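Report on the following structure.
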């Protein structure tokens, strides 16, 4: 039962980033609320309201039908306009920034809530409209109170539409996109750092372990950690996950290593706790934030856009994320409940490789721009002054700073600029010439 629950929660975490997730839930609520109100109308709720507050209830069937039809048509119009704006937003974000930011924009919960309110109100008004019998002449038999609620929901839709216009205009601004990516990555890194334990038992050598292959294709999103730990303890095995989170996995490649041979049924049980998707989300994999922010910076430095200011802003956000990453261990190991035995080793991208992949892009596209080079050296100076979890992190920072210095020396010709770069490089703590 626990295993099914954990898989269900993991599945929900995967699909809630889809643009139709919350609108579908709201639609279900709107339909059921309409059914509830039809039931309450049969119990005489409108008659009760008419006796106490008659001014609030519409007691004419034709007026009620015309009003609900008009309101429903209006909501459909603004919903179509809202969907059109979402498409324009996604197209502009893909063109100006990076296609990788699209999953984050699509999964914006506030926009999904607005679209869900539209759909729920449309369904509610439609089924309330069906419940009006034009042959009824008795005002006590008309669903007047349900019509009143439909009017209130429509007013809420209008307010949601105004909020949607404001929010969508803010979402396309590059600073807001960068800030959103940064906050998601920071939250994820804080969670991982908090869960790390200093006294993690050593994980054994896995060179002679048995490998098992993936049965699915897609981006490796996450795992049902609790389920896998339970399986390891129950079967007395240890696992090593071979693929890095966020990597596109092809069917048939090695995905896990197990400390002993296991049957096919157990392999299927283990792999059923791996979540794959065709999209990528920073909430599941913080390294995607580094990739997305870097790509926005590179797009800004392309000849067609040529926006060093945006590139400098991306460096500021990367500086904060790298400073946080310095506090995290390169290895990720899950232990038993008593923390006495290592059960699962997860292959992760180490700090040196992460820094290199980011800097190789900036060195390629920004080495001719002095403002970006200065900002990168300021980043290195700041990071070298931070306390690192491992001494290898400092070595990686110094090595990348040296590569940046060498590239800038071969690209920039102005003697004054070269002296400034030399001064910045020499000001780095413990610089190695």
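Nothing in this text is a laboratory measurement; each read-out follows from the coordinates by a stated rule. What you see is a predicted model; the values in this text were computed from it and never measured. All Cβ positions, glycine included, derive from the backbone under ideal geometry; neighbour counts span all protein chains shown.
Things to note:
- Within the set (1) 120; (2) 141; (3) 198, the number that volume of the Cα convex hull per residue in Å³ takes when calculated for this structure is listed as (3).
- Theoretical ellipticity at 222 nm over the chain - DSSP helices of four or more residues, -39500 (n - 2.57) apiece, nearest 500: -21000 deg cm²/dmol
- Normalised by the number of residues in the chain, the average gap of Cα pairs under 8 Å and 6 or more apart makes the relative contact order 16 percent.
- Sorted ascending by nearby beta carbons within 10 Å, beginning with the fewest, 247, 147, 80 become 80, 247, 147.
- C-alpha long axis of helix 351-366 to longest principal axis of the chain, angle in °: 90 degrees
- Choice from 126, 416, 332 showing the highest fluctuation, given a GNM over the chain with Cα pairs closer than 10 Å: 416
- Between 0 and 90°, nearest 10: helix 225-235 axis offset from the chain longest Cα axis: 70 degrees
- From the alpha carbon centroid of the stretch 22-65 to that of the stretch 391-415 is 69 Å.
- Secondary structure note: in the chain, about 85% of the DSSP beta bridges are antiparallel.
- Between residue 331 and residue 361, full extension at 0.36 nm per residue minus the direct alpha carbon distance yields a gain of 8.3 nm.
- Highest-MSF residue in the chain out of 70, 274, 248 [GNM, Cα springs under 10 Å]: 70
- Label-point separation in nm, residue 60 to residue 167, each point 7 Å along Cα→Cβ: 3.8 nm
- Sorted by Cβ neighbour density within 10 Å, fewest at the top, the residues 190, 230: 190, 230
- GNM on the chain, alpha-carbon springs under 10 angstrom: the most fluctuating residue among 330, 202, 369 is 202.
- Cα→Cβ-extended label distance, 7 Å offset, between residue 426 and residue 52, nm: 8.4 nm
- Computed from Cα positions, the angle between helix 109-130 and the longest principal axis of the chain comes to roughly 20 degrees.
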